[in-house]
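Enquirer: Take a look at the following structure, please.
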Amino acid sequence: MGSCKEEERKQQKSVWVHGPIIVGAGPSGLAVAACLKQSQIPSLVLERSDCIASLWQQRTYDRLKLHLPKQFCQLPLLDYPKHFPKYPTKHQFISYMESYAKHFCIEPKFKQLVEKAEFVNGIWRVKSQDCEYISKWLVVATGENAEPVIPQIQGLDRFNGNVVHTSGYKSGYEFRKQKVLVVGCGNSGMEVSLDLCRHNASPHMVVRNSVHVLPREIFGCSTFGIAMALHKWLPLRLVDKFILLMSNLILGSTENLGLRRPETGPIELKNITGKTPVLDGGALNQIKSGNIKVMEEVKEITRNGAKFMDGQEKEFDSIVLATGYKSNVPFWLKGSDFFTEQGMPRRPFPNGWKGENGLYTVGFTRRGLLGTASDAIKIANDIADQWKINKEWDNICSSYVILQI
Ligand SMILES: Cc1cc2nc3c(=O)[nH]c(=O)nc-3n(C[C@H](O)[C@H](O)[C@H](O)COP(=O)(O)OP(=O)(O)OC[C@H]3O[C@@H](n4cnc5c(N)ncnc54)[C@H](O)[C@@H]3O)c2cc1C
Ligand SMILES: NC(=O)C1=CN([C@@H]2O[C@H](COP(=O)(O)OP(=O)(O)OC[C@H]3O[C@@H](n4cnc5c(N)ncnc54)[C@H](OP(=O)(O)O)[C@@H]3O)[C@@H](O)[C@H]2O)C=CC1
Ligand SMILES: O=C(O)C(=O)Cc1c[nH]c2ccccc12
């Protein structure tokens, strides 16, 4: 006899979707839906949370800003409002996303956690907790940052204080006057440590590996923009050499602050591994002045603090895990080997946007919102070509049916 849950599933309704199913209503999902709309192609956007851009609305800290200038973080077909600053705040970015969805009349179906998607007998069957959606096309837009990475550090579960991942961190206000262990030194670790300083907390940031820290700007121009411009003329290695030269000039050596640089240059490393260089927004000065303490790798967490690899032992009130994010695609996309076990497309950029049998992926380029914009346009164009053929077939079929009658 089937269980209650099985019975419920058997009775689950199936809905045929006219147009592609897009999983995820973040910037990537919305960008594809908008580009499809532009070609008069309908789509259905399924979102697990109750709002668009949920990463930005629900899982980021208050003082977050875009760290690249707005022209590099723009979605296709609609620019940022002119009055927005060069680096929009998180709230401005969310308002841009909301206007974007409104402008293209995109109305995602919320609270639809996609649990399984599979290509069966020539169609995509996409199951959420309460419905099965069926379509010829599936667009994966669940993001590179779908789930927090929670490291297995010995003793973490016996720590008496508060432990939070950066996806749950809002403001240093909650940690004021506390001694806080921040694990991780990517952009999140650096920004959270800086935020903690601004609330009179005492952050100790764990740096277990090498890291590139770059100035956000070089003589008033964004470092990222300069790198992009130079790369039009110069090989990446030379671009990296120039960026590192300027960084050392502006920031000084980071090595003697405990921030060893990787051997590979910053942009090349980003392209190969996805590891984003830190674009410094003020944390480095706090490290220099001793307000952010750089710590070695953690050996174990104790009830009141941590023991470090170099033998130090310190007490902490709270721990912030700035340990990054991961894709969740392997949990729900079945029967396809398009993605690696880590949930990233096997084919590297720029060829990772299209799979077999009407499968597409957007926002898995390790190139931020710029990558999203480029994927979205390609996907919509590709589907539009098939849509036209489909329509012609539909017309032929319907005239055939009419002739038969
Ligand atoms: C703190 C932070 C700051 C960043 N800042 C920048 C920046 O300044 N510039 C830049 O270019 N990039 C930045 N990024 C990179 C970031 O990935 C992009 O900005 C952008 O959010 C990616 O959009 P996305 O739609 O691909 O993914 P997301 O924004 O993560 O959206 C994916 C959506 O899919 C939904 N979803 C996931 N799984 C399921 C499921 N199984 N079923 C249904 N729905 C699901 C999620 O709820 C989410 O709403 C930042 C990332 C982080 C974490
Ligand atoms: N707009 C903005 O200002 C911001 C943008 N972002 C973006 O969000 C994305 C995610 O960034 P972020 O959250 O920093 O994640 P990242 O993956 O970039 O960084 C994770 C960090 O955690 C470290 N780490 C992981 N596990 C452990 C462990 N067990 N012990 C010690 N250290 C550990 C990693 O070290 P290791 O290298 O050794 O693995 C790395 O330093 C990036 O693309 C980033 O650019 C984030 C914050 C702000
Ligand atoms: O914010 C991010 O994580 C991004 O992915 C944006 C981005 C794409 N390529 C880069 C190179 C250097 C710094 C940030 C980025």
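Enquirer: Summing -39500 (n - 2.57) over the DSSP H runs of n ≥ 4 in the chain and dividing by its residue number, what mean residue ellipticity at 222 nm do you reach, to the nearest 500 deg cm²/dmol?
Expert: -10000 deg cm²/dmol
Enquirer: Only Lys, Arg, Asp and Glu count, each charged at its Cβ (+1, +1, -1, -1), so figure out the dipole size of region 19-176 about its Cα centre, rounded to 20 debye.
Expert: 440
Enquirer: Taking θ as phi - 60°, what are the ³J(HN,Hα) couplings along region 303-313 by the Karplus curve (6.51, -1.76, 1.60), each to the nearest whole Hz, with x for Gly and Pro?
Expert: Couplings: 5, 10, x, 8, 9, 10, 4, 7, x, 5, 9 Hz.
Enquirer: Of TYR87, TYR80, which has the most accessible area and how do the rest follow, probe 1.4 Å?
Expert: TYR87, TYR80
Enquirer: Amide H of VAL163 versus every other amide H placed in the peptide plane: which residues, excluding those fewer than 5 positions away on the same chain, fall under 5 Å?
Expert: ILE319
Enquirer: Each residue of region 85-102 in order: what ³J(HN,Hα) in whole Hz does its phi give by Karplus 6.51 cos²θ - 1.76 cosθ + 1.60, θ = phi - 60°, with x for Gly and Pro?
Expert: Per-residue couplings from phi come out as x, 4, 10, x, 6, 4, 5, 5, 4, 5, 5, 4, 4, 5, 5, 4, 4, 5 Hz.
Enquirer: Hey, another quick one. Could you compute how fast region 195-323 diffuses translationally, taking Rh as the Kirkwood radius over C-alpha pairs and applying Stokes-Einstein at 37 °C with viscosity 0.692 mPa s? Give it in µm² per second.
Expert: Answer, rounded: 203 µm²/s.
Enquirer: Next up: Tell me, what % of the accessible area of region 1-134 is carbon and sulfur with a 1.4 angstrom probe?
Expert: 53
Enquirer: Give the angle, between 0 and 90 degrees and rounded to the nearest 10, that separates the Cα long axis of helix 236-251 from the longest principal axis of the Cα atoms of the chain.
Expert: Roughly 40 degrees between the two axes.
Enquirer: Run down the aspartates and glutamates and flag those whose C-alpha is under 17 Å from the C-alpha of LYS378, throwing out any fewer than 8 positions away in its chain.
Expert: Those aspartates and glutamates meeting the cut-off are GLU356.
Enquirer: Top to bottom by accessible area (1.4 Å), largest first, where do TRP137, TRP16 land?
Expert: Ranked from most to least accessible, the order is TRP16, TRP137.
Enquirer: For LYS354, give me every one of the aspartates and glutamates with a C-alpha distance below 17 angstrom, ignoring sequence neighbours fewer than eight places off in its own chain.
Expert: List returned: GLU118, GLU144, ASP337, ASP375, ASP382, ASP385.
Enquirer: Sticking with this structure for a sec: Would you mind working out the accessible area per residue for the chain, using a 1.4 Å probe, and quoting it in Å²?
Expert: Value returned for the chain: 51 Å² of accessible area per residue.
Enquirer: Quick check: at a probe of 1.4 Å, how many percent of the accessible area of region 149-324 sits on carbon and sulfur atoms?
Expert: 50
Enquirer: Just to confirm my numbers, what's the Cα centroid distance between region 187-204 and region 279-313 in Å?
Expert: 11
Enquirer: Taking amide H atoms as placed 1.01 Å from N in the peptide plane, list the residues 5 or more away in sequence, or in a different chain, whose amide H sits under 5 Å from that of LEU333.
Expert: Distant-sequence amide H within range of LEU333: ALA117.
Enquirer: So which lysines pass the test for LYS82, namely a Cα distance under 23 Å, with those fewer than 8 places away in the same chain ruled out?
Expert: LYS65, LYS70, LYS90, LYS102
Enquirer: Would you kindly derive the ³J(HN,Hα) couplings of region 116-123 from the backbone phi angles with the Karplus curve 6.51 cos²θ - 1.76 cosθ + 1.60 (θ = phi - 60°), listing them in order in whole Hz, with x for Gly and Pro?
Expert: 7, 9, 8, 8, 10, 6, x, 9
Enquirer: Given the options PRO348, LEU249, LEU333, identify the residue whose Cα lies farthest towards the positive end of the charge dipole of region 244-351 (+1 on Cβ of Lys, Arg; -1 on Cβ of Asp, Glu).
Expert: LEU333
The values are calculated or read from the model by the stated rules, or taken from the named source; none is laboratory data. Because the structure is a prediction, the values reported are computed rather than measured. A quick note on method: Cβ atoms are made from the backbone with ideal geometry, for glycine too, and the neighbour counts reach across all protein chains shown. With ligands, DNA and RNA removed, areas are computed over all heavy atoms of the protein, side chains included. Shrake-Rupley method; radii C 1.70, N 1.55, O 1.52, S 1.80 Å.
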